[in-house]
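Engineer: Dropping the structure in here first, questions after.
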Amino acid sequence: MEPAEKIIQHAGGVIGVSWLMIALPLLGAAILLLGGRRTDRWGHLLGVAMSLASFVVAVLAFVELIGLPEAQRRRGVELFQFIPGMVDMGVLIDPLSISFALLITGVGSLIHIYSIGYMSHDPARRRFFAYLNLFVAAMLLLVLADNYVGLYVGWEGVGLASYLLIGFWQQKPSAATAAQKAFIVNRVGDFGLAIGIFVIWTTFGSVAYGPVFGAAGGADQGVLTVIGLLLLLGACGKSAQVPLQSWLLDAMEGPTPVSALIHAATMVTAGVYLVVRSGAIFELAPTAQLVVTIVGVVTLLAGAIIGTAKDDIKKGLAGSTMSQIGYMMLAAGLGPAGYAFAIAHLITHGFFKANLFLGAGSIMHAMNDEVDMRKYGGLRKFLPVTFATFFIGYLAIIGFPLLSGYFTKDGIIETAMHHSAILGWLAVVGAGITGFYMSRMVFMTFFGEKRWADDAHPHESPAVMTWPLIILSVGSIFLGGYLILGNTFMQFLAPAVGRPAELPVFHFFSVPGLATLALVAVGAAFAWMKYGRAQVPVVAPRGSFLTTFARRDLYGDAINESLFMRPGQWATRFAVFFDNRGIDGLVNGLAAMIGGTSGRLRRIQTGFARSYALSILFGAAVVAGALLLVGNL
Amino acid sequence: MPWLSTLIAVPVLGAVGVALLPKGNDKLAKQLALVVSLVVLALTLVMAVQFSPRGTRFQFDETYEWIPRFGVHFGLAVDGIALVLIVLSAVLVPIVVLASWHDADGTGADAPPKRSVKTYFALLLVLEAMMIGVFAATDIFLFYVFFEAMLIPMYFMIGSYGGAQRSYAAVKFLLYSLFGGLLMLVAVIGLYVIAEKNTFMFPELIGAITDPTTQKWLFAGFFIAFAVKAPLWPFHTWLPDAAAQAPAGAAVLLVGVLDKVGTYGMLRFCLELFPDAAKFFTPLVLVLAVVGIVYGAIVAIGQTDMKRLIAYTSISHFGFIALGVFAMSQNAATGATLYMVNHGFSTGALFLIAGFLIYRRGSNYIADYGGVQKVAPILAGTFLVAGLSGLALPGLSSFVSEFMVLIGSFQTYPVPATIATAGVVLAAIYILWMYKRVANGPTTEAVAGMKDLNGREKWVIAPLIALIIALGFYPKPLLDVINPAVDKTLANVTVTEFTPAVPVADQKGAGE
Amino acid sequence: MGETITFWVLAVVSVSAALGLVLSRRAVYCALMLGVVMLSLAVLYAVQDAPFLAAVQIVVYTGAVMMLFLFVLMLVGVDSSDSLVETIKGQRFWAIVAGAGFAVLLGLAVGNAVLSPPAGLLGATQTAGGNVPALAQLIFTRHVFAFEVASALLITAALAAMVLTHRERLTEKPTQRALARARFLTGGSVVLPGPGVYARHNANDMPALLPDGSVSELSVNRVIARHDVEDERFPDDPKLAEAIKQAVEEESK
Amino acid sequence: MTTHYLVLSALLFAIGAVGVLVRRNAIVVFMCVELMLNACNLAFVTFARQHGNLDGQIIAFFVMVVAAAEVVVGLAIIVTIFRTRRSASVDDANLLKY
């Protein structure tokens, strides 16, 4: 591995004011939240404007960055002292962060625009845009910060935005619960991240990327492994990786643009960013890297299996998101050879998954917010644009040759295969399952006979919603090839994450590639047999044990419930009981004992002068005796 | 100008003025109290600006002989730690006065019978004077006097203006505090006698006790008093009762400032006067703190009463503060001091908003609410922000302090710090679950007509939220004041200098 | 030798009288017993070279104090003899234990003290010319202040006694007319004979009848009944006579 | 000889004390108190003789004075109590309890 380039302090230019990327959406959110009803009329426009402005800054910064020689493409901008002596807040613009910034602001802006149409009937649309802007700001802080604490601030900030947006329709108890669950599960991950940061601080005496990565080589491997595993725990929470995956499926309670932006394209990929960003640490801790790849593979299979059994179109897509992030995580665990593929897949996934989600949103918009695919069917005639774009997204995600997903996913599989055959073949199997469940989704939704209720009148969405779809599909088609062919992206990222000893060459006809294609084809054909050609029952059949297993999210919730929730409830009840009866009981008991004792002692005061006189005489006798004794001694 | 005496005298005179108003002038009494508290705030801010962090340790020094025979002085002075806490008190009191505008009127649903309104506000001002005095006292005897005298106004505020079980709560509060206070009195006298310096002045008593056994006993006397006050597990059970029964404004001052005297005392007196004993007892204190963090959080999750829940969250937070104080690390102690301030703001906001909710709905029980966000979005929104500050969300003030406490304690005691960090997860559960039950879900019938915040209430909450957010992003002004003071405090405790295992060659230089 | 005899005789007398004081049921007997003790002590004072005190003892104690006691006894009622049944549990037992213990302790203390033969007061009184002048000299010189205070105390005590026993009249003193009116207004037209006067009925010695016609034992005046029995003066009514006899029998048990 | 007087004094004192404790009639109780005082006086007089010094007699004299005053006030109190409660039993005057 080549060491990453040093960070160079930057002043002036667009990069010098790159903090505007964060500040502008934050300002937008503040105006919209504090402005109240006054901003209702133009709030959504402000939100879009701020997001677009941020995008413009990102593009300009990108242009400025690639104008610099390769060795100087890590630019740091000092902002202010956050915690004196510990954290100096600053922005780091390097190929990695700017890629993310472009993805976040680019896809983010498209989703902002789409939301104008999607949320047009919602009375709280302004608030929605405020939250979206807040999210964009937090996400940009996450990727642009030049230190772990800044990243942590953004990390929890996106968690907050995610919480607010999942629970946007908070009057629905299911939405409120899902939001809460997302935040709490994320907090478990954050716990790991926080401790990871503590270990970093105690080991290196700094939390800034530059110094820490510079000194990482001198640290004990055990410590680095611990740091890696703790960071991975954080990544698992945010990126819905096993074992902290359970919140993502419930998070689909939020409005669909939220699912597209936060729970598909950007926020959930923050874990991958963290692992890639901390590459300098992971590369020195092979055990941690191994665990990363295992988590990735397990999640890519788990997500895919969950995806096969979901009738809810959004939950199906959520399972697929988990699975795709599993691929990224797998790649991120493979070291410099995988980073470029991980990030490339992340970007293309950002496009096609946002495309798919927004497509699903468009379908729901047309179908009275119905999400059950068994009540769709034959929609391609009614929603031609949505169908076209959704189909492109579908082809991209299953890795249809020459589309984006083909290049990036194949890259990951090849690299994994190179690294370890087991990982590689498991990834291939995952791709096959992907072929099945995505085909199932497309067939159930757009093909076959119509199964929807009589009061549904499917209609194509307005232009403000379809144009983002079209733009995203274009990205879904071409982006992958552009990034991967000729190692363009790997070369671009190299200053930030380093490059592998030998550059990979993309083979169109490799054994794993062909096997993947074959398995995908088998999966798609199987889906066609079950859901394209055959009649799809409107009510889900009971299904086998395996189907139930997948439908119940591999019993993830059941495990959480029996392992954490129930003992937790029990512990809570016990603690409350212990506090009231134990500690407080002890205190009150002591008080009662003193009261009771004095109540009994009080009885000695009989009021009989003779009793008192008797005690006086006794006292006198005792004194006399004592005097006598003392005198005799 | 004798700043500190003025700061104590103004509210006392104001209280006398308010109390002497003729009957029936309730409105005037409130306005006068507000004006007086604002004057105090203005004076405090002017004083704070003149404070120079890099100057001598104790500034604005005033010392007058009080009881010369025993070397008791009326000694006032502030260092950075005391200064920020005085500012906290001065900021909170006008807010509380404004928030308590109708608390004493007895117009709420389950309100106590109408009582003297002006007395309530006079008590508030007296309490303010005591709070400033206790933080400013440099004479340990004077500190003790303020420490105990503070109980009196608070006792009456809970006992006369509180909820249904107010007298039980007030007596419990008083007895607990007196128990601790008397132990402290013994230790104070013991310190005076054993030190043989014929003075109670704190700076002169530093290092006066060298015998380890004596140190341990005196430390225990002081520490138990502060642990009761703070309150640290397992001395905490008075707080939920007192806070739940006290009117919201009094609860803010109780939890926000009064309890800070406990942690302040640990930092100021326990550490500096008895450094060896402090080190000896550190494992014990850390265990109590960590148990308190986790236990307080778990019990908070199980509460059904909003104010009790907030009180238990505070018990958890006080665990963090105690952890920071006794972690024997500069970062942790600074974080703990900052935490005292931030906790005052965020828990203050939580209590006040809970108070607004209870004033509207007439019930403390969380189950009686639901769907408040639909009918009163601003109320619910501020509630959420205050709650998020309570769970130490980055970008809000508590985060900085909690982070510093944890990272600082991790330097010296990784295991307790790790367990304490788990409290962060629990914090998310208790805050969000409470918020969900109160504000989310379908609007219940009883909540349907609930009014959103009115102008006065917005003015109450706005400064708190503004401070929470501002300090969340830019805590430097406070940290600059606290840091040197903490340095000097810990200088007497011989903290081992923090050295990273693999020190980064040059923090900045790595890039240049 | 004379002193020894005197002492032993008087010691026996005074201790028995003291015991009598404690044990006798009737307060009057108690007073008499106390008188005996005081007189014995007066003699013992005289024997021990304290003629002045002996005189004062007789004058003040047996003269004034004892008279006062008897006077109050009369006021309170001589007939009320105490029941010696103890009502406080364990009081008597513990009192005797404590008393005996105390006496033993004092006795031991006295026995322990190694005493030389008494110095005698001859030397102290000789210069002044006798016991009384010697005492006077001391009282009016060294102890004059205490003496004055004591006199003030006595006056205060006298005043106190007057204040304490004085009863403020809250209403107008009823006239005979008002009393008669009150009597007739309540329906009691018959003028009842005064107490202590023999009369056929309504008399003090006549037992009262209960609503069922039987005799109320409680209503029999024990003192008068005893005289009745001794003198065999019984009322005509056999029922009443029987009741009086019974009352006396019970009394003598 | 002195010892005998003192023992007699102690004996009388103890008998008086027991009397105070066992008798309920306030007047009798009072008499027992007087007995105790007299026992003390005897001791004082004996000591005066023993030490050849008149102080003992002086104090005995003052004891008598004080006792007289005490009797006066005490009996007045008894009379007042008797007047209101129709009883001279010390056990009946037990309101000052618990």
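Engineer: For the range B:193-241, which trypsin sites (Lys or Arg not before Pro) pass both filters: DSSP loop (anything but H, G, I, E, B) and at most 14 other C-beta atoms within 10 Å? Before the final figure, lay out each step's value.
Structural biologist: Values: sites: B:LYS197, B:LYS216, B:LYS229; in loops: B:LYS197.
In loop regions of the range B:193-241 (DSSP not H, G, I, E or B), the sparsely surrounded trypsin sites (Lys or Arg not before Pro) are B:LYS197.
Engineer: I would also like to ask the following. Would you tell me the mean number of C-beta atoms belonging to other protein chains that fall within 10 Å of each C-beta in D:75-88, as a whole number?
Structural biologist: 5
Engineer: For all pairs of alpha-carbon atoms in the range B:330-420, what percent lies in each bin of width 5 Å, listed from the first bin to the last filled one?
Structural biologist: 3, 14, 18, 19, 14, 11, 9, 8, 4, 1
Engineer: Take the alpha carbon gyration tensor of the range A:267-418, find the square roots of its eigenvalues, order them as a ≥ b ≥ c, and report rounded if a/c is under 1.5; if not, report prolate when a/b exceeds b/c, else oblate.
Structural biologist: Prolate shape, in that a/c is at least 1.5 and a/b is the bigger ratio.
Engineer: In Å, what is the Rg of the alpha-carbon atoms in the range C:127-167, and how long is Dmax?
Structural biologist: Cα-based Rg and Dmax for the range C:127-167 come out at 15.4, 53 Å.
Engineer: Skipping prolines and chain starts, which residues have an amide H placed within reach, meaning under 5 Å, of the one on B:GLY75, given they are 5 or more residues away or on another chain?
Structural biologist: B:TYR64, B:THR138, B:ASP139
Engineer: How large is the charge dipole for the protein assembly as shown, taken about the Cα centre, if only the Cβ atoms of Lys, Arg (+1) and Asp, Glu (-1) carry charge, to the nearest 20 debye?
Structural biologist: 2880 debye
Engineer: Determine how many Å³ per residue the convex hull of the Cα atoms of the range C:37-111 encloses.
Structural biologist: So the per-residue hull volume is 119 Å³.
Engineer: Note the angle between two axes, namely the Cα long axis of helix A:43-66 and the longest principal axis of the Cα atoms of chain A, as a number of degrees from 0 to 90, rounded to the nearest 10.
Structural biologist: Between the helix axis and the principal axis of chain A, the angle is about 70 degrees.
Engineer: So, one more: Take peptides A:13-26, C:135-148, A:237-250, A:352-365 and line them up by average Cβ neighbours within 10 Å, highest first, as a rough protection proxy. Intermediate values should be presented prior to the final figure.
Structural biologist: Values: A:13-26: 21.6, C:135-148: 14.4, A:237-250: 25.9, A:352-365: 28.9.
Highest-to-lowest ranking by the protection proxy: A:352-365, A:237-250, A:13-26, C:135-148.
Engineer: Can you divide the C-alpha Rg of the range A:108-259 by 2.2 N^0.38 Å and report the result to two decimal places?
Structural biologist: In units of the globular-protein estimate, the range A:108-259 measures up at 1.18.
Engineer: I've got another one for you. Through the Karplus equation 6.51 cos²θ - 1.76 cosθ + 1.60, θ set to phi - 60°, convert the phi angles of the range B:73-90 into ³J(HN,Hα) values in whole Hz; use x for Gly and Pro.
Structural biologist: For the range B:73-90, the Karplus-derived couplings read 10, 8, x, 10, 5, 10, 10, x, 5, 5, 4, 5, 6, 5, 4, 4, 4, 5 Hz, x marking Gly and Pro.
Engineer: Could you pull out every one of the lysines with an alpha carbon less than 21 Å from that of A:LYS409, ignoring same-chain neighbours closer than 8 positions?
Structural biologist: A:LYS353
Engineer: Let me ask something else. How much of the pair distance distribution for the protein assembly as shown lies past 48 Å, counting alpha-carbon pairs only, in percent?
Structural biologist: In whole percent, the long-distance tail amounts to 55.
Engineer: What is the local net charge at B:SER314, summed over the other residues whose Cβ is closer than 11 Å to its Cβ (Lys, Arg +1; Asp, Glu -1)?
Structural biologist: +2
Engineer: Would you mind computing, in nm to one decimal, how far apart the modelled labels at A:PHE578 and D:ARG83 are, each placed 7 Å from Cα along Cα→Cβ?
Structural biologist: Modelled inter-label distance: 7.0 nm.
Engineer: Moving on to the next point. Report the rotationally averaged projected area of the range B:177-311 based on its alpha-carbon convex hull, in square nanometres.
Structural biologist: Over every viewing direction, the Cα hull of the range B:177-311 projects on average to 8.2 nm².
Engineer: Given C-alpha coordinates of the range A:461-535, what is the ratio Rg to Rh with the Kirkwood estimate of Rh?
Structural biologist: Value, to two decimals: 1.15.
Engineer: May I ask what percent, to the nearest 5, of DSSP beta bridges between residues of the protein assembly as shown are antiparallel?
Structural biologist: Of those bridges, close to 90 percent are antiparallel.
Engineer: Follow-up question, since we're still on this one. For B:LYS279, which lysines qualify as cross-link partners when the Cα separation must be under 26 Å and same-chain residues fewer than eight apart are set aside?
Structural biologist: B:LYS197, B:LYS216, B:LYS229, B:LYS260, B:LYS488
Engineer: If the cut-off is a Cα-Cα distance under 21 Å, which lysines reach B:LYS118, setting aside same-chain residues fewer than 8 apart in sequence?
Structural biologist: B:LYS23, B:LYS27, B:LYS30
Engineer: With a ≥ b ≥ c the root eigenvalues of the C-alpha gyration tensor of the range A:442-483, is it rounded (a/c under 1.5), prolate (a/b larger than b/c) or oblate?
Structural biologist: Cα axes put the range A:442-483 in the oblate bin.
Engineer: With labels modelled as points extended 7 Å from the Cα through the Cβ direction, what inter-label distance (nm, one decimal) is found for B:LEU28 paired with B:LEU182?
Structural biologist: 4.4 nm
Engineer: Ok, one more. Name the GluC sites (Glu not before Pro) in the range A:423-525 that are in a loop by DSSP and that have at most 10 other C-beta atoms within 10 Å, would you?
Structural biologist: A:GLU449, A:GLU502
Engineer: Sticking with this one: Rounded to the nearest 10 degrees, what's the angle between the helix A:313-332 long axis and the longest principal axis of chain A, both from Cα atoms, 0 to 90?
Structural biologist: Here the helix axis deviates by roughly 90 degrees.
Engineer: Looking at the range A:1-150, I'd like the Rg to Rh ratio, where Rg is from alpha-carbon atoms and Rh is Kirkwood's inverse mean 1/r.
Structural biologist: Ratio value, two decimals: 1.04.
Engineer: Taking every pair of alpha-carbon atoms in chain B, what share in percent sits in each 10 Å bin, from 0 to the bin with the longest distance?
Structural biologist: 4, 20, 32, 27, 13, 4, 1, 0
Engineer: Moving on. Tell me, Kirkwood radius of chain A from alpha-carbon pair distances, in Å?
Structural biologist: 26.3 Å
Engineer: Now for a separate question. Relative to the longest principal axis of chain A, what angle (0 to 90°, nearest 10) does the C-alpha long axis of helix A:384-398 take?
Structural biologist: 80 degrees
Engineer: Let me ask something else about it. Of A:ALA219, A:HIS457, C:GLN91, which is farthest on the positive side of the dipole of the protein assembly as shown, counting Cα position, with +1 on Lys and Arg Cβ, -1 on Asp and Glu Cβ, and the Cα centre as origin?
Structural biologist: Working it through, the farthest residue towards the positive pole turns out to be A:HIS457.
Engineer: From the gyration tensor of the Cα coordinates in the range D:2-85, what semi-axes in whole Å does the equivalent ellipsoid have, largest first, with each one equal to sqrt(5λ)?
Structural biologist: Gyration-tensor ellipsoid for the range D:2-85: 29, 16, 4 Å.
Engineer: On average, how many beta carbons from a partner chain sit within 10 Å of the beta carbon of a residue in C:66-74?
Structural biologist: 4
Engineer: Tell me, what HN-Hα J-couplings in whole Hz come from the Karplus equation 6.51 cos²θ - 1.76 cosθ + 1.60 at θ = phi - 60° for each residue of the range C:121-137, using x for Gly and Pro?
Structural biologist: Per residue, the Karplus-derived 3J(HN,Hα) values read 9, 3, x, 6, 9, 4, 4, 6, x, x, 5, 5, x, 4, 4, 4, 4 Hz.
Engineer: Modelled label-to-label distance, C:THR186 and A:HIS459, 7 Å Cα→beta-carbon offset: nm?
Structural biologist: Here the answer is 10.7 nm between the modelled labels.
Engineer: Non-local amide H neighbours of A:GLN171 (under 5 Å, H modeled in plane, Pro and chain starts lacking H): which ones?
Structural biologist: Distant-sequence amide H within range of A:GLN171: B:GLY441.
Engineer: Evaluate the Debye formula for the range B:428-472 with equal point scatterers sitting on the alpha carbons, no solvent, and hand back log10 of I(q)/I(0) at q = 0.15, 0.24 Å⁻¹, in q order, two decimals.
Structural biologist: Computed log10 I(q)/I(0) values: -0.62, -0.97.
Engineer: Output needed for the range C:1-77: three equivalent-ellipsoid semi-axes, defined as square roots of 5 times the C-alpha gyration tensor eigenvalues, in descending order, whole Å. Show your work: numbers first, answer last.
Structural biologist: On the way: eigenvalues 124, 52, 5 Å².
Equivalent ellipsoid of the range C:1-77: 25, 16, 5 Å, largest first.
Engineer: Highest mean first, what order results for A:99-107, B:480-488, A:572-580 on Cβ atoms within 10 Å? Working shown, then result.
Structural biologist: Values: A:99-107: 25.2, B:480-488: 19.8, A:572-580: 17.2.
Answer by packing, highest mean first, reads A:99-107, B:480-488, A:572-580.
Engineer: Taking the Cα centre of chain A as origin and charging only Cβ (+1 Lys, Arg; -1 Asp, Glu), how large is the dipole, in debye to the nearest 20?
Structural biologist: Charge dipole of chain A: 1840 debye, to the nearest 20.
FYI, it's all coordinate maths here, none of it is from the lab. The model shown is predicted, which means the values in this text are computed figures rather than measured ones. Here Cβ is always computed from backbone atoms with ideal geometry, including for glycine, and neighbour counts include all displayed protein chains.
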